[in-house]
Structure formats: C-alpha cells, structure tokens
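Q: To start, I am sharing the structure in question, which I have written as structure tokens.
Values in this text are rule-based calculations from the coordinates and carry no lab data. Computed from a prediction, not measured in an experiment: that's the story for all the values here. In this analysis, Cβ positions are derived from the backbone assuming ideal geometry, glycine residues included, and neighbour counts consider all displayed protein chains.
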Amino acid sequence: MLKPRALTQVLHQANTGGVRSTILLNNEGSLVSFAGNGDKESKVTSAITSNVWFAYEKHGKNALSAEETKLIFLDCENGRVAMTRVASMILCMFADKSVGMGLLKAKLQALSRYLDEPLQQVASG
Amino acid sequence: CRSSFLPSRVLPFEVVLLRFVAMADELEDFVRKLLPTVDGLEAILITDRDGVIVLKASTPSMPEAAARPNFLATYPISCEQASKLGLGTNQNLVCMYDNYQVVQMNYLPLVVTLLAREDANTGLLLGLRASLDSCLEELKQAVEVP
C-alpha cells in the first residue's frame, strides 16, 4: 500500500538548493502527492504540467515516432520546471532560476530512480 | 507610376516586398549556417503561433512529420499554459524523446524550434538563442500587426 506521509517525506528531500516544490501526478493528471511551497496552487500547477506533458507525449509519438517521452524542461522568466515519468506517474520539480538545468535533471532522475520500484509495486499490486 | 503619388517617406509596396524577400533570403542563409555549429542539430524552424513555417533550415535526415503544423503548434499553447505556473513567462521548452530532442523558444508571435538528435548538447542548443535574438527581432517586426 502507498503510505502518503512517507511519500511526501521522500519528495520533500528534493526541496533543497533552490528547488521549491516536488509533485507526483497520476496518469489522469491528478495530484498524488505534493511537497514544498505553494500548496494552495498545487492543483492548478499539477493540471498545467500534466497538460504540457501529455501534449508533447501525444505529438511526439505522431511526429517523431517516439515511444517514450523522457524529460521535459520549462525555462521560465523566474523559475524552472522539470518533469519525467516514474512508473505510471509523472514527477515534477519546480525550482528557482538559479538552479542549473543539469542539476535539476540530475535531482529529478535520482528521485525518479528511487521511487520507480516502490511505485511499480503499487501500480501492479 | 505608383510611387509618384506617395509621400516621400512611404516606400512603394513593390520596394517593401523586395526588401522583405531580401531579408528573408539573408535570414535563411544565416539560419542555414547555424545548423552545423551544433553536432546533432537536424533542423531550425521558425514558425508562427499556428505552426506554419516562416523559415526552415534542415538536414536531409530530419523527420518530415516534425515539420507539420500540429506538432509545431504544441509550443504556443504549452507556453501560454506554462506562463500561468507563477514563474513568469515561459522562454524555452526542452523535450527529450528516446531518439530526438526538441528545443522550442518563445519569440511570440514567432516560435523557433530546434530539432536535434538525443545526444546533441542541450546547452549549446539553448545557447543558439543569443545568435538568433537579433535576426528574430527584425522578423518579429515584419510579422507583428502594428
């Protein structure tokens, strides 16, 4: 079974060095877990990020015959967002502009690798 | 002659058109020269917000389906949504697939799309923005409705 508190604590560990928040979304774009600042807007941000992810996933399959969307970065004026798939869910990190894309990618991938097996078990069980 | 009826500070339409064609040729040449500067870069596409191509420079191995409006128009919609995340206006988007990566840059009403192989240097691709800034400003002025 999924332990919500434990999951939130794991996501919270990524919120250092300029990373403001980390969220986990399911395949429908609904929020599964949230850790960090801005929890009031978390539903809106989760809907927006999932929209972007699914749009690029769908068009990537059609245009580039891409079987898998690995990563999406959004580079905005005042911050950065990185998204990746983990098990059947989407993991997103929101960070300050000061956080380098490479570091954000490394953090995202490290957290994704850590959560992959437990979330696969939850998905299959 | 048409020009004899126009005030001196307004150019005749034919001259404006010739200037635009010359600018477009110069831009296409400039963009084509940028292609080999990053290893793995397959195409540079400048489009409007509907995904219609304004300018294109590509290698023969570029997948043609990636030049279709429905793929290229994904960014303007995503850009608008991403700008509502509370992080300011979206400037760039990088999407990595298994064989390709797509870098899209906000110059709305224009969009610059860079299509590259997955192993191309993303930092260098994003760095091309500095080279494109000056020529895109000119093109934006030509495209924008005053």
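Q: B:Gly88 passes all but one of (1) at positive phi; (2) more than 8 Å from every other protein chain (Cβ to nearest Cβ); which number fails?
A: Of the numbered conditions (1) at positive phi; (2) more than 8 Å from every other protein chain (Cβ to nearest Cβ), the odd one out for B:Gly88 is (2).
Q: Continuing with the same structure: Given (1) under 15 Å from the mean Cα position of the chain (by Cα); (2) surrounded by 21 or more Cβ atoms within 10 Å (Cβ to Cβ), identify the lone condition not met by A:Cys76.
A: Of everything listed in (1) under 15 Å from the mean Cα position of the chain (by Cα); (2) surrounded by 21 or more Cβ atoms within 10 Å (Cβ to Cβ), A:Cys76 misses just condition (1).
Q: For region A:104-125, how many residues meet the condition of being surrounded by fewer than 16 Cβ atoms within 10 Å (Cβ to Cβ) and either within 17 Å of B:Thr122 (Cα to Cα) or of a type in the set (Asp, Glu) (or both)?
A: 3
Q: Select from region B:39-67 the residues that are within 14 Å of another protein chain (Cβ to nearest Cβ), in contact (Cβ under 8 Å) with a residue 12 or more places away in the chain, aliphatic (A, V, I, L, M) and not in a strand (DSSP E or B) and list them in ascending order.
A: Matches in region B:39-67: B:Met62, B:Ala66, B:Ala67.
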